[in-house]
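Asks: One structure follows; several queries about it will come next.
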Amino acid sequence: MMFIRLIGFVWFLTLTTLTGCGRDGSSSPTTGAGTEKSASHVADQPTAKKSVQTPQERAALAKDALFNELSTRLLAAMSNGGPGKAIEVCSKLAPKLAKEVGEQHHVLIGRTAVRLRNSSNLPPEWAEPLLKDLPTKPVVQDLENGSTGVLFPILLKVQCLTCHGPDDKIASEIRTELTRLYPNDKATGFQEGDLRGWFWVEVPADGQNGKNSDTEVDAN
């Protein structure tokens, strides 16, 4: 049974790190001070590579890069130390990776959730009104400061239930570690297919670079 739980946890970390699940106690990017200047619109996923990337394409590349980095590190931790080690590494390493990815792609990037695992995991100001509608498709928002904000929803996979499912279904060793790291955890009780949270990315206007701050935020 423990082997099955470990396998489930590996897949959970791989498939859900991108938010919703993988990042804990992290150093969050902060957004610019811009506010909405036009109505948000549901975005189509980029389908072709262009010589000049759109803000949405840049945002998608940054989101994918963060997901891939976290997945690689978490799988390595899982192989070397099991679920407890993976959770610990996730909580300590994810903030650094988010900052690095943001700098590499010249964007601000982070994650937020329907129910927070860490109370500091708040969305940027521009995203707050959009999240009230609980969007389940990517949404693009033009910001007053010239930047573009993009939200990417995170839908819970069955593997995510290892750490986000009903309390009585979470393995005791995982529950103990989550309680130790997140005493105010509210990110359990989900079912497969539920909306877990969102990746948010802010792409600066041409000629500007995103700069991450040292504000702490959690992406679980």
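Asks: If I ask for residues that are under 12 Å from Trp200 (Cα atoms) and touching a helix residue (DSSP H, G or I) at 6+ places or on another chain (Cβ under 8 Å), which ones from segment 116-160 would you list?
Replies: Pro123, Pro138, Val139, Val140, Gln141, Thr148, Gly149, Val150, Leu151, Phe152, Ile154
Asks: Take Val139 and decide whether it is in contact with a Pro (Cβ under 7 Å, 6 or more places away or on another chain) and aliphatic (A, V, I, L, M).
Replies: Taking the combined requirement at face value, the residue does not satisfy it.
Asks: Starting from residues that are β-branched (Val, Ile, Thr) and in a helix (DSSP H, G or I), keep the ones in segment 58-110 and report whichever is surrounded by the fewest Cβ atoms within 10 Å (Cβ to Cβ).
Replies: Thr72
Asks: For segment 68-91, what are the residues that are within 17 Å of the chain's Cα centre (by Cα) and within 14 Å of Glu177 (Cα to Cα)?
Replies: Ala86, Ile87, Glu88, Val89, Cys90, Ser91
Conditions tested, residue by residue: (1) of a type in the set (A, V, I, L, M); (2) more than 22 Å from Pro83 (Cα to Cα).
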residue: Val107; (1), (2): yes, yes
residue: Leu116; (1), (2): yes, no
residue: Pro124; (1), (2): no, yes
residue: Pro129; (1), (2): no, yes
residue: Pro138; (1), (2): no, yes
residue: Leu143; (1), (2): yes, yes
residue: Phe152; (1), (2): no, yes
residue: Leu156; (1), (2): yes, no
residue: Asp168; (1), (2): no, no
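Asks: Next up: All but one of (1) at pLDDT below 95; (2) under 24 Å from Pro55 (Cβ atoms) hold for Asp168; which doesn't?
Replies: (2)
Asks: Sticking with this one: Of all residues being touching a strand residue (DSSP E or B) at 6+ places or on another chain (Cβ under 9 Å) and hydroxyl-bearing (Ser, Thr, Tyr) in segment 93-143, which is nearest to Lys63 (Cα to Cα)? Just the residue, please.
Replies: Going through the qualifying residues, I end up with Thr112.
The values are calculated or read from the model by the stated rules, or taken from the named source; none is laboratory data. Predicted model, so just to flag it, every value in this text is computed and none were measured. A quick note on method: Cβ atoms are made from the backbone with ideal geometry, for glycine too, and the neighbour counts reach across all protein chains shown.
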